[in-house]
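First comes the structure, then the notes that go with it.
The values are calculated or read from the model by the stated rules, or taken from the named source; none is laboratory data. In this text, all values refer to a predicted model and were calculated from it rather than measured experimentally. In this analysis, Cβ positions are derived from the backbone assuming ideal geometry, glycine residues included, and neighbour counts consider all displayed protein chains.
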Amino acid sequence: MPVDGKVKQVWLDRSGRLADINRVNNVWKKRSEWRLDLGNGANTNYLGVYQGLVRPAVRYNVASGVLLGAVASGQYAGRKKEFNLGLWYTSGWQARNSHAPKLQYQAEFKHQTRGGGTYYYQSLLYNEINTHELGWFNRIGKTEYGLNGKSMQRYHRLQYNIDQPFYNPWINSQVSGRDPYFPQRDQLDGFLSTANQWSYVAQAQLNLYVKQAYSGWGKSGSVRFDMRMPSPWSNSQYGFVQLEWKHFQPVGKTLLRLRSLAYFGGGNNPTPESVLYLASANPEDAFQQDLYRDFGMYNLNNSSTQWNTIQVNGGLNLRGFNGYSAPKTVKQANGNDTTLAFFRGNQGLGINAALDLTPYFRWIPKVKLLGINPYLFGDAGIIGQPLNSLNTNREMVTSQVYSRLLADAGFGASVNLRNWSTITKNKALRAAKPINLRVDFPIWVNAVQNDDSFVQFRMRVSVGTDF
């Protein structure tokens with residue numbers, strides 16, 4: 001049918017009534033639209049054109065101080081060509097680390113295919129840590145599996161020509177206190193100022209995982225297997241296998257949550273950021289949490305008090321040993337004694353349990369901005385590490401040594417700060433994500449440091465869910 005004038009736009013199925021998995025190609029021109037993000041977030045229910053948002057951004061972290069920048073994001077239907085790009089300039093105001101890079105960024109891209117899984121890419125330069133991750137995952141029924149390649153390195157080696165030998169986490173090295181990621185550990189029987197330590201070693205590895213979920217008769221849970229294999233181009237040839245089981249068991253009106261973890265690692269040049277930790281996730285896994293990157297990578301008060309840093313749940317997760325070096329005297333190959341710190345290692349076995357008490361506190365009035373779910377918890381585990389020592393023939397011998405059986409118990413609560421949009425009438429904070437914290441009070445532990453008691457007040461603030 002002839003028309004007068006020039007065709008300006010072609011739009012098929014403008015009403016959106018026809019079944020179509022991708023309606024972006026129904027439009028001839030202007031297949032994307034960009035708007036200023038006013039806090040309402042992306043509309044993932046809109047199936048018209050590709051939507052992009054941009055906004056200025058100001059954030060603060062303890063190490064780098066105030067950061068000024070901008071954030072851009074885009075998505076279609078909440079699963080197609082999703083990306084998020086944040087760029088920040090380090091102003092230097094309120095910064096504790098003068099060597100922080102002037103430009104920091106976070107880039108993420110994710111795309112879900114039809115029947116072929118989801119592939120993604122993540123890149124981050126933040127607080128002097130540079131990571132890249134390219135991966136793919138898929139789900140069939142209750143089975144999820146995936147793989148990714150990951151590289152990471154401290155920014156100092158990229159910025160300065162630092163000729164430093166490989167840092168071996170099993171050796172109590174004396175390092176300059178000026179480096180926020182290498183705090184002094186002069187006394188193994190005392191507190192650690194922070195468990196977060198990163199080496200200068202460049203890493204590249206391949207990670208595989210399979211996760212099988214189950215449910216029935218009111219019970220549910222999952223079993224996950226992880227494997228890490230270092231690449232030939234990695235300076236750290238450290239790998240591991242890990243098996244994690246989570247189970248949720250109804251007990252009367254409440255719910256019993258169980259988690260068990262078995263971990264076996266080994267290789268050459270292990271790095272402190274990637275090994276197993278006794279009380280929390282290792283720095284590599286913890287780095288994925290926004291709150292930890294901003295407030296947990298630096299001791300908040302520059303003191304040795306165990307609750308001054310935000311922890312991330314993971315590892316063996318023995319909450320009562322947060323901030324402790326967990327020392328133990330072991331035998332060397334020549335028969336002499338030596339004291340080692342077991343707050344991290346390359347082998348471990350642990351179990352965590354929590355009994356939800358929320359049903360017994362239904363009578364407490366609810367607050368829209370705050371959700372509190374109390375629970376009782378208990379943890380137990382053992383961790384090991386390699387010990388290199390000379391025997392009576394002056395030969396170097398490597399043996400595996402283990403900590404004593406460690407356990408703790410106490411009470412805690414998950415604190416959920418949510419519904420930020422109720423603060424303003426125009427719903428400007430509708431897209432703000434809730435902040436989930438765990439506040440634990442491990443009152444009892446079965447192994448104590450000097451001047452401590454088995455039963456005393458202890459507190460731990462953490463982010464992330466272990467189970």
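Number of residues in the range 385-410 that are in a strand (DSSP E or B) and in contact (Cβ under 8 Å) with a residue 40 or more places away in the chain equals 16. Among the candidates TRP233, TRP217, the residue that is loosely packed, with under 15 Cβ neighbours inside 10 Å, at positive phi, out of contact with any Asp or Glu (no Cβ under 7 Å at 6 or more places or on another chain) and at pLDDT below 95 is uniquely TRP217. Per the conditions (1) in contact with a Leu (Cβ under 8 Å, 6 or more places away or on another chain); (2) on the phi < 0 side of the Ramachandran plot, the sole criterion not satisfied by GLY323 is (2).
Closer than 26 Å to PHE441 by Cβ and within 19 Å of the chain's Cα centre (by Cα): does that describe LEU243? No: the conditions fail for LEU243. Within the range 227-246, residues that are free of Cβ contacts under 8 Å to residues at least 40 places away in the same chain and farther than 13 Å from SER274 by Cβ have Cβ atoms under 8 Å from residues that are β-branched (Val, Ile, Thr) and surrounded by 14 or more Cβ atoms within 10 Å (Cβ to Cβ) in these pairs: MET227/VAL241; LEU243/VAL223; GLU244/VAL223; TRP245/VAL223, counting only partners at least 6 apart in sequence or on another chain.
Filtering the range 242-277 to residues that are charged (D, E, K, R) and either closer than 19 Å to GLY216 by Cβ or part of a strand (DSSP E or B) (or both) leaves GLU244, LYS246, ARG257, ARG259. Evaluate the range 237-249: report whether one residue or more is surrounded by 15 or more Cβ atoms within 10 Å (Cβ to Cβ) and β-branched (Val, Ile, Thr). The answer is yes, given that some residue of the range 237-249 is surrounded by 15 or more Cβ atoms within 10 Å (Cβ to Cβ) and β-branched (Val, Ile, Thr). Hey, does the range 234-256 have a residue that's in contact with a Lys or Arg (Cβ under 7 Å, 6 or more places away or on another chain), of a type outside the set (A, V, I, L, M, F, W, C) and over 23 Å from THR465 (Cβ atoms)? Yes, the range 234-256 contains at least one residue that is in contact with a Lys or Arg (Cβ under 7 Å, 6 or more places away or on another chain), of a type outside the set (A, V, I, L, M, F, W, C) and over 23 Å from THR465 (Cβ atoms).
Residues that are under 24 Å from the mean Cα position of the chain (by Cα) and at pLDDT 85 or above were ranked within the range 417-443; the one that is farthest from GLY320 (Cα to Cα) is ASN436. Checking each residue in the range 78-123 for being in contact (Cβ under 8 Å) with a residue 40 or more places away in the chain and either of a type in the set (Lys, Arg) or within 20 Å of ALA286 (Cα to Cα) (or both) picks out LYS80, ARG96, ASN97, GLN104, ARG114. For the range 60-104, the set of residues classified as of a type in the set (Ser, Thr, Tyr) and closer than 30 Å to LEU47 by Cα consists of SER73, TYR76, listed by residue number.
Within the range 59-71, being of a type in the set (A, V, I, L, M) and either touching an Asp or Glu at 6+ places or on another chain (Cβ under 9 Å) or within 20 Å of GLU128 (Cβ to Cβ) (or both) holds for VAL62, ALA63, VAL66, LEU67, LEU68, VAL71. Identify, please: which residue in the range 341-352 is buried (at least 19 other Cβ atoms within 10 Å of the Cβ) and assigned to a strand (DSSP E or B) and is, among those, modelled with the lowest pLDDT? Filtering the range 341-352 for residues that are buried (at least 19 other Cβ atoms within 10 Å of the Cβ) and assigned to a strand (DSSP E or B), the one modelled with the lowest pLDDT comes out as ALA341. The set of residues in the range 131-148 being more than 17 Å from PHE225 (Cβ to Cβ) and either among the β-branched types (Val, Ile, Thr) or at pLDDT below 90 (or both) consists of THR131 alone.
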